[in-house]
Amino acid sequence: RRILGRELPADGEPLQLICRAVREFSSQYRNIKAVGIGIPGVVKSNGMVAGIPRIPSFDGVRLAQEVGERCGLPVFVENDVKLMTVGLYGEQLERQCRDMVLLYIGRGLGSGIILNKRLHKGMSCFAGEFGYMSISGEQPSKNGEAALERRMTALLDSFAAGEKRKKQKREYCGLAARVAANF
């Protein structure tokens, strides 16, 4: 959990921590006109956050509105991987192509889709959320976390802990390959 490149303190509600970081940053840099926030969840067309098991207190919240009202700045909230996609496309690929897909396979799963030079979110703003893809008939956990995403994250955690067994590496690479092929 990081904001503005710094670790967040454990003492506090995520919304309060974001507002504190925005206020601190805007007091340092007085010419800020707006704030953009990337989150690991779905941002619906009405601004409501959904599908965010890592920060359950944000589920059902209109985060841009909440932060904007508390901080007195216009705020834009979007899925973090969709923002990565827009940034990469605008910075490196816009002159070369009209369409692209970025697959993010890391501490979470997701994708961003550019069609006709525009971010494609789909009718339900869920386009590209492939962490919920069923690979063997699994069901999402009680907190809404996707089974595929949960398994791949567990494998990454085991690698970080120094457990680098060939069987686990093969499983991770196999899952990543199935994700790419299915996508």
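What follows is calculated from the coordinates using simple rules that are stated; it is not laboratory data. Keep in mind it's a predicted model, so treat the numbers as computed, not measured. Quick reminder, even Gly has a Cβ in these numbers, built from the backbone with ideal geometry, and neighbours come from all protein chains shown.
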Between residue 168 and residue 103, what is the FRET efficiency for a Förster distance of 22 Å, r being their Cβ-Cβ separation, to the nearest 0.05?
0.60
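Rounded to the nearest 500, what is the 222 nm mean residue ellipticity of the chain from helices alone, with -39500 (n - 2.57) per DSSP H run of 4+ residues and division by all residues? Don't skip to the answer; put the middle values down first.
On the way: 5 runs with 64 residues, N = 183.
Result for the chain: -11000 deg cm²/dmol, rounded to the nearest 500.
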Residues whose modelled amide H sits under 5 Å from the amide H of residue 76, counting only those 5 or more places away in sequence or on another chain, are 35, 36, 37
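To check you understand DSSP bridge types, tell me what percent of the beta bridges within the chain (both residues inside) are antiparallel, rounded to 5.
Numbers: 15 of 20 bridges.
Once the DSSP bridges in the chain are tallied, antiparallel ones form about 75 percent.
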Give the Rg/Rh ratio for the chain, taking Rg as the radius of gyration of the Cα atoms and Rh as the Kirkwood radius, to two decimals.
0.99
Cα-based helix-to-principal-axis angle, 147-160 vs the chain, degrees rounded to 10:
90
In degrees rounded to 10, the 0-90 angle between helix 14-28 Cα long axis and the longest Cα principal axis of the chain is 50
Long-range lysine pairs (8 or more apart or interchain), the chain, Cα under 30 Å:
16
Explain nothing, just compute: Karplus ³J(HN,Hα) = 6.51 cos²θ - 1.76 cosθ + 1.60, θ = phi - 60°, for every residue of segment 37-52 in order, whole Hz, x for Gly and Pro.
10, x, 10, x, x, 8, 10, 6, 4, 8, x, 6, 8, 8, x, 10
Whether segment 9-75 is rounded, prolate or oblate, judged on the alpha carbon gyration tensor where a/c under 1.5 counts as rounded:
oblate
Going residue by residue through segment 81-90, the Karplus relation 6.51 cos²θ - 1.76 cosθ + 1.60 with θ = phi - 60° gives ³J(HN,Hα) values, rounded to whole Hz and with x marking Gly or Pro, of 6, 5, 5, 4, 5, 4, x, 4, 4, x
Full-extension gain in nm, residue 34 to residue 176, via 0.36 nm per residue minus C-alpha separation:
47.5 nm
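With a cut-off of 8 Å between alpha carbons and a minimum separation of six or more residues, what is the relative contact order of the chain in percent? Mind dumping the intermediate values first?
On the way: 230 pairs, mean separation 26.8, N = 183.
Worked out over the chain, it gives 15 percent.
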